[in-house]
Amino acid sequence: MCAVELKKGKREYQNGEGFRIYKHAAHNRMYYIELEDDVVNQFLEDLRDVSDEQLEYIPYMRLVVADKLLQLTSEDFGRMVRDILHDRETGGFTIGLQNQTTDPQDFVKFSTALSHLAGLPNFDAMSGKYYARFAVKHTDSSDSYLRQAYRLFTLHTDGTYVDEPTDWLLMMKMDEQNAMGGRSRLLHLDDWEDLDHFYHHPLAAYPFKYKAPASKNVEEDVYRQTFYEQNNKPCICFIDQFAYPETIDHANYLKDLSSSMENSEATIGLDLPVGDLIMLNNRFWLHGREPFEENTQLHRELLRQRGRFAK
Ligand SMILES: [Fe+2]
């Protein structure tokens with residue numbers, strides 16, 4: 001049960017110490033958390049001497065930056081972040097740095113603070129650290145849809161090909177130039193019209209093989225059920241690109257599931273300004289990306305973290 005209870009008014013909100021929570025303008029299941037400018041400025045000021053390298057090499061520094069955000073707000077802030085992410089009815093929010101900085105180092109610190117309030121990030125083998133930054137440009141020669149600007153990036157969950165829990169996902173917009181389109185696409189599992197059909201299908205619990213392409217630096221194959229239960233509710237683990245079905249029936253199940261989600265009226269596009277991040281429960285939210293409009297000068301960079309909930 002989420003502790004967020006929005007007051008009715010011109011714009012529904014809940015007040016906290018140094019922050020305010022609103023219903024998200026783009027999605028009725030999500031929240032937008034607004035930090036007060038003083039909190040953001042003090043956070044940046046107090047952590048001015050913390051470098052990316054320190055965060056990377058000294059794991060306790062990541063928790064120190066999370067603690068700074070709690071000191072400038074209250075323990076309630078951290079609890080609220082976790083409550084929203086755990087709550088089946090929502091499970092997602094956006095939050096940003098209120099245009100107080102454009103320094104990528106500040107973005108790394110802020111995303112680290114948020115991820116460490118939720119839990120601990122997994123090691124990201126693609127980058128060799130706890131977060132990965134990746135750019136989408138006009139041209140791409142990589143081996144997955146992640147960096148291919150002009151294709152629809154189909155709905156999926158993260159962490160399908162790694163053998164560790166991926167409870168939540170964080171994406172922060174680091175930079176964006178000459179970018180039209182490319183919005184995040186989001187679908188909450190409970191809004192999907194065909195969930196019952198695919199969840200009760202004989203192949204719903206079949207352990208499909210998942211294999212990562214070379215760029216992900218993950219060697220082992222893993223076997224994953226598409227659907228499983230947590231807290232008596234269905235959860236999903238799926239990405240079209242890395243599943244290796246063994247029969248025509250298996251392939252048709254996965255293909256039909258993917259196209260049903262792609263065609264769902266509940267799939268919503270969401271704009272994320274530079275300096276904002278989105279956090280989602282990765283067990284019952286699917287995400288993807290709309291294609292960008294062609295532009296030879298296109299440049300967009302995201303930072304991602306995925307991980308486990310704190311015990
Ligand atoms: Fe993803």
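The values are calculated or read from the model by the stated rules, or taken from the named source; none is laboratory data. Just so it is clear, the structure is predicted and the values come from calculations on it, not from any experiment. Glycine also receives a Cβ, built like all others from the backbone with ideal geometry; neighbour counts cover every protein chain displayed. We work out accessible area using only protein heavy atoms, side chains counted, and drop any ligands, DNA or RNA first. Shrake-Rupley method; radii C 1.70, N 1.55, O 1.52, S 1.80 Å.
Quick notes on this structure:
- If you run the Gaussian network model on the chain, springs between alpha carbon atoms under 10 Å, then out of ARG11, ARG62, ARG133 the most flexible one is ARG11.
- Sequence-distant residues sharing a close amide H with PHE292 (under 5 Å, placed H): TYR150, ARG151, GLY182
- Rounded D (µm²/s) - the stretch 123-179, Kirkwood Rh over Cα pairs, Stokes-Einstein at 20 °C, 1.002 mPa s: 160 µm²/s
- Pairs exceeding a 30 Å alpha-carbon distance, out of LYS23/LYS311; LYS233/LYS255; LYS23/LYS109; LYS8/LYS109: LYS8/LYS109.
- Pairs of alpha carbons in the stretch 1-151 whose separation is greater than 22 Å (percent): 49 percent
- Carbon plus sulfur fraction of accessible area for the chain, probe 1.4 Å, in percent: 45 percent
- Spin-label pair HIS138/LEU70, simplified geometry with 7 Å Cα→Cβ offset, distance in nm: 4.8 nm
- Per residue, the stretch 139-223 exposes 46 Å² of solvent-accessible protein surface, assessed with a 1.4 angstrom probe and all protein chains in place.
- Computed over the chain, the per-residue total of -39500 (n - 2.57) for DSSP H runs of n ≥ 4 gives a 222 nm mean residue ellipticity of -7500 deg cm²/dmol, rounded to 500.
- For ASP194, solvent-accessible area (1.4 Å; no DNA, RNA or ligand), Å²: 60 Å²
- The largest accessible area among ASP249, ASP158 belongs to the first residue in ASP249, ASP158, and the rest follow in falling order (1.4 Å probe, all chains).
- Dipole orientation for the stretch 214-300: of the candidates SER259, GLN230, GLY288, GLN230 has the Cα lying most toward the positive pole (charges on Cβ; Lys, Arg +1; Asp, Glu -1).
- Taking each residue as 0.36 nm, the span from SER215 to ALA251 lengthens on full extension beyond its C-alpha to C-alpha distance by 10.5 nm.
- Exposure check, 1.4 Å probe, all protein chains in place: MET180 carries approximately 110 Å² of accessible surface.
- In nm, spacing of pseudo-spin labels at ASN232 and LYS7 (7 Å Cα→C-beta vector): 3.4 nm
- Where ILE248, ILE236 fall by accessible area, highest first, once all protein chains stay in place (1.4 Å): ILE248, ILE236
- Magnitude of the charge dipole, the chain, Cβ model with Lys/Arg +1 and Asp/Glu -1, debye to 20: 160 debye
- The stretch 231-311, dipole about Cα centre (Lys/Arg Cβ +1, Asp/Glu Cβ -1), debye to the nearest 20: 700 debye
- Equivalent ellipsoid semi-axes - Cα gyration tensor, the chain, angstrom: 31, 23, 19
- Between ASN28 and GLU262, the FRET efficiency estimated from the beta carbon spacing at R0 = 25 angstrom works out to 0.75.
- Cα long-axis angle, helix 37-46 against the chain (0 to 90 degrees, to the nearest 10): 90 degrees
- Counting only Cβ charges, +1 for Lys and Arg and -1 for Asp and Glu, the dipole size of the stretch 19-84 around its Cα centre is about 480 debye.
- Area of LYS173 that stays accessible when all protein chains are in place (1.4 Å probe, Å², to 10): 10 Å²
- Solvent-accessible surface of the stretch 1-129, taken per residue with a 1.4 Å probe and all protein chains present: 48 Å².
- Dipole of the chain [Lys/Arg +1, Asp/Glu -1 at C-beta], most positive-end residue of TYR31, SER142, PRO121: TYR31
- GNM result for the chain, Cα springs below 10 Å: residue of ALA66, ALA113, ALA214 fluctuating most strongly: ALA214
- Here the gap between GLU17 and ALA205, fully extended at 0.36 nm per residue and compared with their Cα-Cα distance, gives a gain of 63.3 nm.
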